[in-house]
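Accompanying notes for the structure given below.
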Amino acid sequence: MSTTVTPPPKKVNHIGLEVISYKGSKTTLCAGCGHNSISERMVECFYEMGVEPWTVAKFSGIGCSSKSPAYFLGLSHGFNGVHGRMPAIATGALLANRTLLGVGVSGDGDTASIGMGQFIHLVRRNMPMIYVIENNGVYGLTKGQFSATADLGSKLKSGVINDLPPFDCCALALNWGATFVARSFSGDKKQLQAILKTAIAHHGLSVIDVISPCVTFNDHEGSTKSYSYMKDHEEPLHELDFVPSFQDISVEIAEGEVRDVRMHDGSLLRIRKLHRDYDPTDRLAAQAALEDAESKGEVLTGVLYVNTAKPTFLELLNLVDEPIGTLPESKTRPSKAVLDEVMEELR
Ligand SMILES: Cc1ncc(C[n+]2csc(CCOP(=O)(O)OP(=O)(O)O)c2C)c(N)n1
Ligand code: SF4
Ligand SMILES: [Mg+2]
């Protein structure tokens, strides 16, 4: 007698997609590279948030980090640009189609060395997109030279000491008006998940600096971007949880235990205090906290700053709701009569 075995039901998210719909190609990065963990978090977070992958556009520059968008969201749009020029490409694409959810992945070299000018203008504009910096303190792809985020006194494998002070991309982003600024560690799964999900819900630019060790060129003693350095020096500001808008939020919480920040789509960033009082809506306090941590050699992680009120670049430009890339010529080009009138006025 034959029995029919019913396969177990497939696990899907709230829009009915399996996790495989959020995966990308197999990674070609080194085993143990922090960037691979960040790609895994991307897959999990977009799946759990139920984002339609075809509404996402991934952008990157050049570097091991910039290769990583190939390893998640294989059904999304993607553009791998020139080194340090990803912000201009992302800005153009998102202006042409404002309905896309932009996800930029950059490196510390791509952002803070060659791409600094582009990065700072993206921040100034509050371009609505997620901007992840996979920060390992070196140019991994070109064999481990110091980048502009390498800490003063940090040592290369060859023994060379870095004698220049670092740029802190979070401090720069805070200074120039970013509306969501966070720092995390590729080895801190829970924190990075909550930060990425909040960034998906955020209405504005989210700058996320993730310390992401390069196991091949910058994971030795004397490096300040290694796994062991981060284990000893990471100082989480708070414990984070993200409650999406489609989930029941009626969990019993004792008064004073957590602070909720309501995001644009109604979801909540739930912040549980650790050792200190920290208000992530106070920009000056965030800057002071970063400076204090730097003077103590600590790496402060968590949501440093969030501002849900500032208009985005798309709002400032007063763009039409429809993607301008799909408008017919009759709507985007003045008629011959209008052009003739303009010419007449200039006579
Ligand atoms: C215009 C230009 N200048 C220099 C290079 C060489 N180059 C390729 S990747 C890279 C640095 C990558 O470092 P980072 O952005 O930190 O990425 P990682 O590989 O560390 O993830 C450099 C200098 C290039 N490809 N293009
Ligand atoms: S060289 Fe470094 S940054 Fe590049 S893939 Fe290998 S571990 Fe990652
Ligand atoms: Mg790097």
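The values are calculated or read from the model by the stated rules, or taken from the named source; none is laboratory data. All of these numbers come straight from a predicted model, not from anything done at the bench. For neighbour counting, all protein chains shown are included, and Cβ atoms are generated from backbone atoms with ideal geometry for every residue, glycine included. These area figures cover heavy atoms from the full protein model, side chains too; ligands, DNA and RNA do not enter into them. Shrake-Rupley method; radii C 1.70, N 1.55, O 1.52, S 1.80 Å.
Can we say F59 is crowded, with 24+ Cβ neighbours inside 10 Å, farther than 26 Å from I324 by Cβ and away from ligand 3 (no atom under 16 Å from the Cβ)?
Taking the combined requirement at face value, the residue does not satisfy it.
Going through region 153-174 one residue at a time, which ones are under 25 Å from the mean Cα position of the chain (by Cα) and either at pLDDT below 95 or part of a loop (DSSP other than H, G, I, E, B) (or both)?
P165, P166, F167, D168
Can you work out which of the residues in region 237-260 that are at pLDDT 95 or above and hydrophobic (A, V, I, L, M, F, W, C) is surrounded by the fewest Cβ atoms within 10 Å (Cβ to Cβ)?
Per the criteria, the residue is V243.
With respect to the numbered conditions (1) over 17 Å from Y227 (Cβ atoms); (2) touching a residue at least 60 places away in the same chain (Cβ under 8 Å); (3) out of contact with any Leu (no Cβ under 6 Å at 6 or more places or on another chain); (4) among the hydrophobic types (A, V, I, L, M, F, W, C), which one is the sole condition not fulfilled by C45?
Going through the list (1) over 17 Å from Y227 (Cβ atoms); (2) touching a residue at least 60 places away in the same chain (Cβ under 8 Å); (3) out of contact with any Leu (no Cβ under 6 Å at 6 or more places or on another chain); (4) among the hydrophobic types (A, V, I, L, M, F, W, C), C45 breaks only (3).
Checking the structure you have, find out if any residue of region 142-154 is within 19 Å of I89 (Cβ to Cβ) and away from ligand 3 (no atom under 12 Å from the Cβ).
no
Yes or no: T99 open to solvent by 40 Å² or more (accessible area, probe 1.4 Å) and either modelled with pLDDT of 95 or more or of a type outside the set (K, R) (or both)?
yes
When only residues in region 116-152 that are under 19 Å from the mean Cα position of the chain (by Cα) and of a type in the set (D, E, K, R) count, which is least open to solvent (accessible area, probe 1.4 Å)?
E134
Kindly indicate whether L174 is more than 14 Å from ligand 2 (Cβ to nearest atom) and either over 19 Å from S212 (Cα atoms) or open to solvent by 10 Å² or more (accessible area, probe 1.4 Å) (or both).
Judged against the criteria, L174 is a match.
So which of K296, K336 ends up being modelled with pLDDT of 90 or more, exposed (fewer than 12 other Cβ atoms within 10 Å of the Cβ) and touching a strand residue (DSSP E or B) at 6+ places or on another chain (Cβ under 9 Å)?
K296
Confirm whether S113 is under 26 Å from P213 (Cβ atoms) and surrounded by fewer than 22 Cβ atoms within 10 Å (Cβ to Cβ).
In short, yes.
Which of the residues that make up region 182-236 are open to solvent by 30 Å² or more (accessible area, probe 1.4 Å), within 16 Å of ligand 3 (Cβ to nearest atom) and not in a loop (DSSP other than H, G, I, E, B)?
Residues satisfying the conditions are Y227, Y229.
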